[in-house]
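The values are calculated or read from the model by the stated rules, or taken from the named source; none is laboratory data. Every value quoted in this text rests on a predicted model; they were computed, and no experiment measured them. Don't worry about glycine lacking a Cβ; one is built from the backbone with ideal geometry, like all the others, and counts go over all protein chains shown.
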Amino acid sequence: MVRESSVATAAPRRVFCVFEHKYRSRAVADEIVSGRFPIQGRTIELGAEPDWIGAMLPADREWRLEWSKFYYGLDLATATEETGHGKYAVAWQRLVDSWIAQVPIDHDPSDVIGRRIQNWVYAWSRFADCVDLESSGAGFEARVAASLQAQVAYLRQHLTRERNHRTLELYALFIAALALPDIDVDRGLLRFAVDALYENLVADVLPDGVQRERSTHYHHVVLRSFVGLLVNARRFGMSLPGGFDARVERACAFSLHCHRPDGSIPALSDSDSGSYLDLLEAAGELFQRTDFTYVATRGRRGERPRSTSASFPDGGYFIQRSGWGGDTRAITDERYLIFDCGAIGDGGHGHYDALNVEIAAQDAPLVIDPGRYTYCDDPPHWRRWFKTTAAHNTVTVDGLDQTPYRRGKPKGDVARARLRQRATGAALDLLWGEVESPLYGVIHRRRILFVANEYWLIEDELDADGVHRYDLRFHLTSDQRIIALDITPTGWRALTPRVSLIFAGDANARVESGWVSAEYGVKRAAPVVSFRRDGAGRTRFVTLVAPVGPDSEPPPDLHVRFDAPLAVADVTCGSNRGIHDRIAWTLDGTARPIGGGAGVAIASWTRCSSASSPQEVMLTSADVVDVVLGGPTASEGADR
């Protein structure tokens with residue numbers, strides 16, 4: 001509902017759209033032409049000129065918000081470019097005109113306005129290169145220009161104060177000012193957007209490069225805006241404040257390390273999964289970072305990253321990786337683990353997932369974070385299920401969450417997690433963290449040992465005075481099936497065709513029903529392996545997590561003994577049980593006499609095999625990585 005104004009109606013200048021390639025679906029374009037809108041796993045028929053205010057829509061308001069952002073305009077533009085058919089442009093014009101005629105400028109949240117501004121600019125500039133928009137709708141360009149001017153003016157006065165919404169809103173102002181210079185004759189809007197985006201970057205991207213909400217998804221949503229700004233600034237010869245590039249580069253370093261070997265990201269906190277390798281490739285060109293290019297192109301170009309382990313102490317994420325591919329192994333076949341051991345995400349996007357892990361190997365995740373699924377908290381309360389501690393790969397105490405549940409931002413005390421130690425050496429990497437909850441008097445400590453770049457030992461210590469119920473859960477992907485859940489002489493084993501979970505100690509084991517959501521609004525059933533210990537006080541247990549190789553070797557055998565101040569695990573594996581590993585570690589994290597060597601160490605690994613000479617690796621105090629808050633970042637030396 002915007003009157004035509006005196007604003008010039010020249011089509012927008014073409015600017016770089018960092019997500020353009022993600023909206024190139026002819027099928028989506030054809031659905032839109034027919035008046036059907038496929039969004040978040042649901043297709044709703046609303047007509048070519050919808051009732052934008054009164055239409056009956058799904059109960060989850062996120063569907064309507066996504067609908068109002070007009071991403072599908074990019075699919076329509078692609079279809080026009082590919083076919084030359086005018087029907088796609090006409091469909092877009094009718095949708096835009098009907099929105100302008102029906103919807104007040106202040107009807108949507110400011111972040112939705114920001115997305116719509118961007119998507120109208122991107123689509124309009126592309127349609128204008130292919131078709132005469134005025135021939136199919138006289139005065140259209142004047143109407144859309146006037147609406148964009150009004151939306152930009154309103155958005156500037158109603159910006160979100162902080163976090164990812166502010167980033168995308170400011171970036172929308174930047175894009176509008178750059179693409180439509182007639183609405184910013186004195187370049188005041190452009191200067192404001194750039195300066196405010198720099199302030200937002202410094203406030204929201206932590207010193208180690210992780211975005212403050214600590215969601216892998218929102219980290220990349222934010223990173224898209226900053227990488228897009230850098231690309232457009234260079235294309236148009238703009239100067240940026242000092243330090244802008246360096247901060248964005250650190251955020252890209254986190255992107256590099258958090259991507260799994262299959263090229264997608266884990267869905268940690270309020271996240272979807274998906275791949276941002278395109279973003280990393282653009283960053284490789286921007287910063288002349290050959291390691292970014294290598295990971296983005298799956299090793300076809302560039303150079304391998306120097307490090308296989310990385311620490312992001314401000315964000316609270318720590319990664320173990322077997323390698324980056326090479327002559328004998330594809331990058332997709334490497335092993336990978338990410339450990340969540342930091343503060344709950346700022347704002348309302350954090351999940352109650354301290355000490356959670358995700359594990360991947362052989363081109364797929366094995367143990368997975370289920371993701372977010374929905375923001376709707378109506379019955380049956382799926383928002384709550386996906387946010388809870390039980391929906392993550394960690395230990396629950398007495399069935400409670402680590403932090404009192406709220407749909408959005410926590411109030412009051414929250415769980416506090418910290419990394420106690422990291423030690424990294426050849427073929428042995430150790431992570432040790434802890435979490436304390438305001439809801440119960442139990443300290444949970446978790447130690448993760450990545451052994452021989454092959455498998456993991458996860459030791460969970462529950463430090464308590466009274467008795468409690470402890471549930472250790474491993475969420476599996478929806479395409480896995482449990483082929484065995486057996487008791488063993490030393491504990492339990494749960495087997496799938498892709499992963500072996502070997503639990504050492506007394507417990508009740510079972511398979512629970514779970515869910516996994518890789519994209520908003522879409523969930524799939526998935527098995528959850530649970531090891532429960534009732535009536536326990538202070539206790540420890542160890543789980544071996546081993547990917548199953550293509551040769552389908554039998555699962556490993558695990559025997560663990562605790563003899564303070566040491567723990568010792570014996571692992572027997574190999575097709576003929578010809579490999580015997582002994583892994584020892586100090587329970588308090590201090591260096592002591594350990595293993596077969598003469599020196600002292602924090603942990604050791606020895607391997608005896610009939611096929612090769614004995615091996616021994618010792619983690620000493622010299623291998624401890626400084627990961628204190630504010631310490632070196634992944635791009636400055638904390639990764640090794």
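When you scan segment 7-25, do you find a residue that is among the polar types (S, T, N, Q), in a loop (DSSP other than H, G, I, E, B) and either more than 29 Å from Thr374 (Cβ to Cβ) or touching a helix residue (DSSP H, G or I) at 6+ places or on another chain (Cβ under 9 Å) (or both), even just one? Taking every residue of segment 7-25 in turn, at least one turns out to be among the polar types (S, T, N, Q), in a loop (DSSP other than H, G, I, E, B) and either more than 29 Å from Thr374 (Cβ to Cβ) or touching a helix residue (DSSP H, G or I) at 6+ places or on another chain (Cβ under 9 Å) (or both). Exactly one residue out of Ala391, Ala423 is small (Gly, Ala, Ser), within 21 Å of Cys341 (Cβ to Cβ) and touching a Pro at 6+ places or on another chain (Cβ under 7 Å), and it is Ala391. Would you be able to say whether some residue in segment 441-456 is touching a strand residue (DSSP E or B) at 6+ places or on another chain (Cβ under 6 Å) and in a loop (DSSP other than H, G, I, E, B)? Scanning segment 441-456 turns up at least one residue that is touching a strand residue (DSSP E or B) at 6+ places or on another chain (Cβ under 6 Å) and in a loop (DSSP other than H, G, I, E, B). Looking across segment 133-162, the residues that are part of a helix (DSSP H, G or I) and either of a type in the set (Ser, Thr, Tyr) or touching a residue at least 60 places away in the same chain (Cβ under 8 Å) (or both) come down to Glu141, Ala142, Arg143, Ala145, Ala146, Ser147, Gln149, Ala150, Tyr154.
Among the residues of segment 269-314, those identified as among the aromatic types (Phe, Trp, Tyr) and either within 23 Å of Gly326 (Cβ to Cβ) or surrounded by fewer than 17 Cβ atoms within 10 Å (Cβ to Cβ) (or both) are Phe292, Tyr294. Residue count for segment 323-362 under the criterion of being closer than 27 Å to Val395 by Cβ and out of contact with any helix residue (DSSP H, G or I) (no Cβ under 9 Å at 6 or more places or on another chain): the result is 15.
Kindly establish whether Pro410 is within 25 Å of Asp471 (Cα to Cα), in a loop (DSSP other than H, G, I, E, B) and modelled with pLDDT of 95 or more. No; evaluated as a whole, the condition is false for this residue. In this structure, is Ala123 surrounded by 24 or more Cβ atoms within 10 Å (Cβ to Cβ), under 19 Å from Val33 (Cβ atoms) and among the small types (Gly, Ala, Ser)? Taking the combined requirement at face value, the residue satisfies it.
Here is a yes/no grid of residues against (1) over 33 Å from the mean Cα position of the chain (by Cα); (2) closer than 24 Å to His468 by Cβ:
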{"residue": "Arg532", "(1), (2)": "no, yes"}
{"residue": "Phe541", "(1), (2)": "no, yes"}
{"residue": "Asp581", "(1), (2)": "yes, no"}
{"residue": "Ala591", "(1), (2)": "yes, no"}
{"residue": "Ile602", "(1), (2)": "no, no"}
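For segment 308-324, which positions are modelled with pLDDT of 95 or more and among the small types (Gly, Ala, Ser)? Those that are modelled with pLDDT of 95 or more and among the small types (Gly, Ala, Ser): Ala310, Ser311, Gly315, Gly316, Ser322, Gly323. Taking segment 518-615 as the region of interest, none of the strands (runs of 3 or more DSSP E) fully inside it holds 3 or more residues being crowded, with 17+ Cβ neighbours inside 10 Å and acidic (Asp, Glu).
Criterion applied to Arg161, Arg212, Arg191, Arg250 was being among the basic types (Lys, Arg) and either in the same structural domain as Ala142 (by TED's automatic domain parsing) or at pLDDT below 95 (or both), and the one residue passing it is Arg161. Using the structure shown, decide if Gly433 is assigned by TED's automatic domain parsing to the domain that holds Gly514, surrounded by fewer than 21 Cβ atoms within 10 Å (Cβ to Cβ) and small (Gly, Ala, Ser). Spelling it out, it is not the case that Gly433 is assigned by TED's automatic domain parsing to the domain that holds Gly514, surrounded by fewer than 21 Cβ atoms within 10 Å (Cβ to Cβ) and small (Gly, Ala, Ser).
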